[in-house]
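The structure under discussion appears below in the form of structure tokens.
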């Protein structure tokens with residue numbers, strides 16, 4: 001048997017999911033391909049290092065692409081929360097950001113169901129996702145969360161260059177390119193809730209279009225991502241009857257150093273990534289560092305909103321650290337709205353958080369903590385500054401890799417630091433999450 005024939009047979013074995021299960025190379029009962037190292041990437045990797053020649057590379061792409069890119073797969077998640085202890089009385093009404101609105105008991109934090117897939121062409125994909133969740137009064141809300149088409153294309157002649165570019169974009173209903181934690185899926189968070197400053201963002205979802213560019217330096221030493229877009233400006237999953245004066249513009253830049261970070265938060269060391277095991281590529285042995293910055297401007301019907309943010313994240317051998325700061329200014333048009341006259345001519349908010357965790361590999365449990373502050377400054381002598389702080393401690397048991405099945409428990413200590421009376425509103429919440 002020739003060397004070429006042996007390599008081709010080996011490659012076909014790597015690409016067959018049944019082979020991985022028969023060899024029992026993954027301990028994860030729900031193992032699936034790592035999105036950062038998919039089978040098509042394995043083909044490119046083997047071609048790059050001379051394991052297969054170009055003729056074999058092109059032949060296998062033609063055969064395998066038809067199976068991969070014509071597929072449509074269901075996707076979704078269910079996040080069920082339970083609050084066994086909450087200091088706040090049931091009948092107390094508190095409007096402070098970050099205060100626990102839910103009563104003791106069960107709560108459907110989120111239930112998502114949708115489909116995602118690709119067309120015949122490898123550069124064209126789509127995603128449609130619906131969501132149901134409980135509001136603060138325990139009533140269910142349902143609606144469209146995301147629905148967009150995505151284009152991502154790398155010229156073939158540049159795939160082996162020193163800097164590998166990828167050009168693309170999205171069009172439809174999606175998250176705006178702003179804030180690292182906002183762009184992280186709820187099911188992949190390190191703690192049950194996002195930080196106050198992210199939850200209080202003026203807009204997280206909207207209808208529009210983006211242009212995206214990635215530049216990956218060989219060996220993944222540096223990866224630069226740029227994204228910018230224009231949106232309706234209505235936002236927050238209200239995709240109809242837009243009454244905005246003008247468009248919302250948002251942009252983000254991110255740079256990953258040494259090794260690109262995977263989706264989600266935390267450094268989940270067991271990471272049963274079948275492709276990486278099959279390709280004999282171990283987990284990164286050095287630190288992974290990522291830096292980001294974002295900006296948005298929304299010329300809304302009665303105000304101009306401007307926001308900027310900076311963020312950073314690092315992971316190494318199960319240890320993870322994440323921090324973010326967001327500053328937002330509001331400039332009301334007093335001639336357009338009556339409610340704006342109740343406030344100062346301008347006001348601003350600012351918040352920041354730092355969180356970290358450690359993954360205990362032998363028991364698949366991650367311990368995490370976060371400290372955050374959120375400030376609302378009305379820039380007025382009558383209504384002065386308000387400042388809040390939360391300290392959250394969490395434990396998460398991962399029953400499967402990549403945040404797909406886990407049990408979480410969070411204890412939140414809340415404090416009113418300035419401009420409002422101290423109240424007893426600490427709470428304990430647990431959550432079960434299932435993602436597919």
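Points to keep in mind about this one:
- Among residues of region 241-260 that are more than 20 Å from residue 206 (Cβ to Cβ) and assigned by TED's automatic domain parsing to the domain that holds residue 315, those with a beta-carbon under 9 Å from a residue that is assigned to a loop (DSSP other than H, G, I, E, B) and at pLDDT below 75 at least six positions away or on a different chain give the pairs 258/284; 258/286; 259/284; 259/286; 260/36.
- Of the residues examined, residue 182 is not one that is part of a strand (DSSP E or B) and either at pLDDT 90 or above or within 23 Å of residue 128 (Cα to Cα) (or both).
- Residue count for region 195-204, restricted to those that are assigned to a loop (DSSP other than H, G, I, E, B) and surrounded by fewer than 21 Cβ atoms within 10 Å (Cβ to Cβ): 3.
- Only strands (runs of 3 or more DSSP E) whose full extent lies in region 356-435 are considered here, and the ones with at least 1 residues that are in contact with a helix residue (DSSP H, G or I) (Cβ under 7 Å, 6 or more places away or on another chain) are 365-377, 386-400, 427-435.
- Test result for residue 349, touching a helix residue (DSSP H, G or I) at 6+ places or on another chain (Cβ under 8 Å), at pLDDT below 95 and closer than 14 Å to residue 200 by Cα: yes
- Residue in region 352-366 that is out of contact with any strand residue (DSSP E or B) (no Cβ under 7 Å at 6 or more places or on another chain) and in contact (Cβ under 8 Å) with a residue 60 or more places away in the chain present: yes
- Lone qualifier among 321, 354, 365, 382 - being farther than 19 Å from residue 195 by Cβ, at pLDDT 90 or above and either in the same structural domain as residue 258 (by TED's automatic domain parsing) or crowded, with 18+ Cβ neighbours inside 10 Å (or both): 365
The values are calculated or read from the model by the stated rules, or taken from the named source; none is laboratory data. Because the structure is a prediction, the values reported are computed rather than measured. So basically every Cβ, Gly included, is an ideal-geometry build from the backbone, and we count neighbours across all protein chains shown.
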